[in-house]
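Have a look at the structure below, then the notes.
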Amino acid sequence: MRALLLVLWLALSAPALAEPVRVTITQAGEAFVADYTLPTDAPAWGFWRSSTAAADNQSWRLKSWKVLTPGVALQRRGQQDAFVAIDGRAVPRHVRVRLTPFTGDLNANYVPALNLGGGTVALFDGHFALFSVGRADELEALPPGFDSALVGDFGTAVEFKGRDVRIAGDVEGYRSGNSGGAYGLFGPLPTIVTNGVGTMIDAELPKWLADYLAGFTPRVIGALTSGLGPAGLDQPTILASWEGTGGKGASMNGGTLKGLILMRFEGQQAVSELPALRDMARWFVAHEAAHFWLGQAVTYGTPRDSWIMEGGADLLAIRTIAGLDPSYDGRPLLNEALRDCARLAAKPIASALERGEHRAYYACGAIFALVAEKASGNNFFAFTRGLIAANQDDKTLDSADWIAALVRRSGRPGLGKTIATFLDQGSKNPAADLAALLREAGIPYTLDANGVPQL
């Protein structure tokens, strides 16, 4: 009986799990209304994703959101957009906002909204997530990429409500209130499923491009699945939007969320078939689809290990495209990677992010992947498949895991030591050290006029 009473007392005295921020988004004509319910009193609530608009480096929310609730204002504080109480007390627990979809590019973040033709609009859930601070002026002191321990992190459960709403991206996370990034689609845009791969394509996208994406994407994902095994996704999907003919040329950008490849096209030259744009789209789909495995089935431990994902995705894309198109030659891309790595590897590759030298992760990572491919009987799919299988417990890969796998495959500790030196120390003579790495791996090469190895 005493034991039963003790258990009951512990259950009653344990703190309740904190409620998340909750926000419901509904459509109101051509605009939307976001209704926030905040879990606690705080003088300010900042937005986790506060990147500025790429066009002018200003807050896009201040241009497109209007707070309807008295006593609270939307402000830019330091590097953060935030709801701030006007009277210095607490932001009301219920905040309503009217927003006009902002479809412009952001600096290093997902586009907030997409116009997808036929009246369909997509909104990104990550741009609604909030954190709290104890004083509004604390927002101005938060550094870029600040630790979540510095603020009140309650999580944000986003709900897109409407009759025709569908979700693209991290559907499972969205449904559980813990999304890793998803778009809510309001409107009738159809999903066409081919071989288990969904395509959601803007009705106004030029037909030649729509047809190419609808045909090529399932082939790419099928080839990757054949080589790597299932990625653990219910239905990989591509979401492609058309931004119109505002520019004279042709351009494309996009990104990847869980199970989703996002692409945006625009420009007058894109209206008619353009081989350069087709090839750009082909590469983008293949590289980003590879991240369903290297990036989602397993991810990196810290940003210092992102060379594993980016360089690996580059080599997987090269081999996948070559398997689908025998006329494709990936050597120019690998030779470009060798030249760029020779230029960037004088300093430690692992810390390239701190120097703004992101290209090092792609270029040097692709060459290290090439070494692993050679060690695996010229089969990088086999090497990657082994990495994923060996790291399913925590689904995390770091440089030590990758190098250990390389040494096991090759039986050559020297390969691992050379790559570790590139990562942690850099090289006094990157071109010569890259040549030595290729030579030890058994990869033939020649030297260009600058002494850089070329395949």
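The values are calculated or read from the model by the stated rules, or taken from the named source; none is laboratory data. Everything numeric here is computed off the predicted structure, so don't read it as measured data. A quick note on method: Cβ atoms are made from the backbone with ideal geometry, for glycine too, and the neighbour counts reach across all protein chains shown. Ligands, DNA and RNA are excluded from the accessible area calculation, which covers all protein heavy atoms including side chains. Shrake-Rupley method; radii C 1.70, N 1.55, O 1.52, S 1.80 Å.
Taking amide H as placed 1.01 Å from N in the peptide plane, Ala182 has its amide H under 5 Å from the amide H of Asp125, Gly126, Asp170, each at least 5 places away in sequence or on another chain. Simple point charges give the picture: +1 on the Cβ of Lys and Arg, -1 on the Cβ of Asp and Glu, and for region 183-268 a dipole about the Cα centre of about 160 debye.
Tilt of helix 430-441 relative to the longest C-alpha principal axis of the chain, in degrees (0 to 90, nearest 10)? Between helix and principal axis, roughly 70 degrees. Considering only Cα atoms, the convex hull volume of region 124-210 works out to 166 Å³ per residue. Across all Cα atoms of region 27-102, the radius of gyration (one decimal) and Dmax (whole number) stand at 12.5, 36 Å. The heavy atoms of Leu277 offer some 0 square angstrom of accessible surface to a 1.4 angstrom probe. Region 278-338 and region 27-92 have Cα centres lying 38 Å from one another. Taking the Cα atoms of region 160-294, the ratio Rg/Rh between the radius of gyration and the Kirkwood radius comes to 0.97.
Taking the chain as the region of interest, what is the percent of Cα-Cα pairs per 10 angstrom bin, listed from the shortest bin to the one with the maximum distance? Histogramming the chain at 10 Å steps yields 4, 18, 26, 24, 18, 8, 2, 0, 0 percent.
In angstrom, the C-alpha Rg and Dmax of region 189-228 are 11.0, 34. Around the Cα centre of region 99-167, unit charges on the Cβ atoms of Lys, Arg, Asp and Glu (plus for the first two, minus for the last two) sum to a dipole of about 380 debye.
Using the Karplus relation 6.51 cos²θ - 1.76 cosθ + 1.60 with θ = phi - 60°, the per-residue 3J(HN,Hα) values for region 363-373 come to 5, 5, x, 5, 5, 5, 4, 4, 5, 5, 4 Hz, with x marking Gly and Pro.
What share of Cα pairs, in percent, lie more than 16 angstrom apart in region 115-168? Cα-Cα pairs of region 115-168 separated by over 16 Å account for 59 percent. For the chain, DSSP calls about 75 percent of its internal beta bridges antiparallel.
Computed about the Cα centre, the dipole magnitude for the chain is approximately 260 debye when only Lys and Arg (+1) and Asp and Glu (-1) carry charge, each at its Cβ. Pairs from the table (Lys347/Lys374; Lys66/Lys161; Lys258/Lys428; Lys63/Lys207; Lys66/Lys395; Lys161/Lys258) lying more than 31 angstrom apart at Cα are Lys258/Lys428; Lys63/Lys207; Lys66/Lys395.
Shown here is the pair-distance distribution of region 349-396: with all Cα-Cα distances grouped in 10 Å bins from zero up to the longest one, the shares run 25, 35, 35, 4 percent.
Note on region 126-172: dipole from Cβ charges, positive end direction compared against Val133, Val165, Pro144; the farthest Cα belongs to Val165. Relative to the longest principal axis of the Cα atoms of the chain, helix 331-344 runs at roughly 70 degrees. Stokes-Einstein, applied to the Kirkwood radius of region 317-455 over Cα pairs at a viscosity of 1.306 mPa s and 10 °C, places its translational diffusion at 103 µm² s⁻¹. Against the chain, whose longest principal axis comes from its Cα atoms, helix 207-228 is set at around 70 degrees.
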